[in-house]
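All remarks here apply to the structure that follows.
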Amino acid sequence: MDTDLTAAYNRCRELHRQHGHTYYLATRLLPAWKRRHVHALYGFTRYADEIVDRTEDLPPPRRAARLDDWAGRFVAGLHGEPVDDPLLPAVLHTIAVFDLNRDDFASFLGSMAMDLTVSSYRTYGDLLDYMEGSAAVIGTMMLPILGSIDPAAAREPARQLGFAFQLTNFIRDVAEDLDRGRTYLPDEDLTRFGVTRDDLLAARAAGRTSEPVRELIRYEVARAQAHYAAAAPGVTLLDPASQTCIRTAYALYGDILDEVAAQDFDVFARRARVPPRQRLAEAARALLARPGTPVRVPGPALR
């Protein structure tokens, strides 16, 4: 592997280590030759996300121009043109090695562009359309790297796991997303529980959650659990060498739901975090599990 390509993979790994603590721990349980490719995909998604979310001092048109420029370099690289970028060579190499579906990457970039102009979603169907590009395609990108005994059967569970992970993040990060001017909990769900955006902003300011907001969060946790349940059969369809990694990620993201429930569904009092000792315990349990052992659908028992 040439020096520039090695440097690009290292850059992706560093982004993953810095920003994807839960997923990075799980990725360390993969065979070494697979890890760099997972880091590359994480680096791609994280860098695009940073263009959107870490340049808030710039007006949306300037941020959109930066995303378009980076996406243009990526597309040029797909067509074999030289790419001057610190991480894209690793992404392009991973795509070539596994013949990943280019449409998945276009869909992802489309959802990132939505974050520049869309601040809320009317229905859960509308949110699913966004998450198709921002989450479901991550599952289908990952599947060829992880490997499967039945790729066709594993595809839909992989998509569902993307939905589950992202909805878990949305539940945990309601306060942070409000700070960015976004609400990922659908408007129809807020209406169902008599909650307004102003109620969420008031809870953010007060650092505590009202009862209607608690019930809203409880409802979203149950919805996330349904995605985890749909994803569960796919874990045992993965190559045995990849199952430990995904078991760990599956459990750790599910543990976030447990933490949300443990604080009585108050996502404004503090950000739900899985303690380091518990993270290590989940990894140890996954290491001890025999390949093919079904996973437990995570999250709290809800009424």
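The values are calculated or read from the model by the stated rules, or taken from the named source; none is laboratory data. Everything numeric in this text was worked out from a predicted model, so none of it was measured. Please note: Cβ atoms are built from the backbone with ideal geometry, for glycine as well, and neighbour counts cover all protein chains shown. Areas reflect the complete protein model, heavy atoms only, side chains present, ligands, DNA and RNA absent. Shrake-Rupley method; radii C 1.70, N 1.55, O 1.52, S 1.80 Å.
Please verify whether R36 is at pLDDT 95 or above, open to solvent by 80 Å² or more (accessible area, probe 1.4 Å) and either part of a helix (DSSP H, G or I) or under 30 Å from Y250 (Cα atoms) (or both), treating the condition exactly as stated.
Considered against the rule, which asks whether it is at pLDDT 95 or above, open to solvent by 80 Å² or more (accessible area, probe 1.4 Å) and either part of a helix (DSSP H, G or I) or under 30 Å from Y250 (Cα atoms) (or both), R36 comes out as yes.
Might you let me know whether the stretch 39-51 holds any residue that is of a type in the set (A, V, I, L, M), within 28 Å of F165 (Cα to Cα) and modelled with pLDDT of 95 or more?
Yes: one or more hits.
When you check R13 against the structure, is it more than 18 Å from L88 (Cβ to Cβ) and either open to solvent by 40 Å² or more (accessible area, probe 1.4 Å) or of a type outside the set (K, R) (or both), yes or no?
No; evaluated as a whole, the condition is false for this residue.
Which number in (1) free of Cβ contacts under 8 Å to residues at least 24 places away in the same chain; (2) buried (at least 17 other Cβ atoms within 10 Å of the Cβ) marks the one condition that P212 misses?
(2)
Being within 17 Å of the chain's Cα centre (by Cα) and assigned by the TED database to the domain that holds V274, is that true of even one residue in the stretch 204-220?
yes
Kindly check whether there is at least one residue in the stretch 285-303 that is charged (D, E, K, R) and crowded, with 19+ Cβ neighbours inside 10 Å.
no
Can you confirm whether Q160 is surrounded by 20 or more Cβ atoms within 10 Å (Cβ to Cβ), on the phi < 0 side of the Ramachandran plot and touching a residue at least 60 places away in the same chain (Cβ under 8 Å)?
For Q160, the condition - surrounded by 20 or more Cβ atoms within 10 Å (Cβ to Cβ), on the phi < 0 side of the Ramachandran plot and touching a residue at least 60 places away in the same chain (Cβ under 8 Å) - is met.
Looking at R102, is it over 17 Å from the mean Cα position of the chain (by Cα), touching a residue at least 40 places away in the same chain (Cβ under 8 Å) and in the same structural domain as L5 (by the TED database)?
So R102 fails the test.
If you scan the stretch 113-141, which residues turn out to be in contact with a helix residue (DSSP H, G or I) (Cβ under 8 Å, 6 or more places away or on another chain) and among the hydrophobic types (A, V, I, L, M, F, W, C)?
Result: A113, M114, L116, V118, L128, M131, A135, A136, V137, I138, M141.
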